Amino acid sequence: HRDLHSFPTRRSSDLRLWLARETLALLQRERRDSVREGRYKLVRSVAGGWYEWQRRADARTRELPPAQWAPKREGFVPQPQSARATDALALLLAAGELVRSGQPRAEVLVASDDEVVRVELVHAGTDTLAIAPVRVVDGQAQAMVRRMRGERVRVAVAPGETGVPAVRLLGLQGELQIWVDAESGAPLMLRGRDPRLGELTIEAKRIEYGP
């Protein structure tokens, strides 16, 4: 599974994903954030769709585990394409797989709320990035590299897709650009637009390589 921790202004959000190893299909998504007193949502892929649990905290329960928060919603959401859809966060992995495959483009089905959206990834060239992430190999930190070669992948809603105006990833939206390491596929940099702040760039600060 993949864990993500983000801290936008005055709130925090923890996201945990379980993805199929070969296809990146979404198996389960668990999210807890600090909006209001606290929100929790668990989505699990089941035959023919998703099953969802939602809970809300109040001033008395916000320090307790989400299992003790008040239920808000629970139920089955039918979606015929759920077994092949992934989470938007997995686009970072899909971009790396596209580059390593040598193909010029790919389409991915992404779960957006209760819908499934076709997203197009296009390998758009190679750039030299002035970033210096810490590289950790088998638990050992290595010297930072001051410049890295990044393979650029454009990410946008697929042509002909209606109803969803833009891809959203880590708070950014519109036509996104993801730079990945050609050898490992690790994401190095993400660029897109924040609705309030305009164009933003997110850079990798630490990359861990397993055995």
What value, in deg cm²/dmol to 500, does the helix sum -39500 (n - 2.57) over DSSP H runs of n ≥ 4 give at 222 nm once divided by the residues of the chain? -1500 deg cm²/dmol
Considering only protein heavy atoms, what per residue accessible area in square angstrom results for the chain with a 1.4 angstrom probe? 59 Å²
Compute the acute angle (0 to 90°) between the alpha-carbon long axis of helix 91-101 and the principal axis of greatest extent of the alpha-carbon atoms of the chain; round to the nearest 10°. 30 degrees
If you take all C-alpha pairs in the chain, what percent of them are over 28 Å apart? 33 percent
Which order do peptides 173-182, 53-62 fall in by mean Cβ count within 10 Å, highest first? 173-182, 53-62
Local electrostatic count, GLU63, Cβ distance below 13 Å [Lys/Arg +1, Asp/Glu -1]: +1
What's the carbon and sulfur percent of the chain's accessible surface, probe 1.4 angstrom, rounded to a whole number? 47 percent
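The values are calculated or read from the model by the stated rules, or taken from the named source; none is laboratory data. For clarity, every value in this text was computed on a predicted model and none was experimentally measured. Counting neighbours? That spans all protein chains shown, and the Cβs are built from the backbone with ideal geometry, glycine included. The area values use the complete protein model at the heavy-atom level, side chains included, leaving out ligands, DNA and RNA. Shrake-Rupley method; radii C 1.70, N 1.55, O 1.52, S 1.80 Å.
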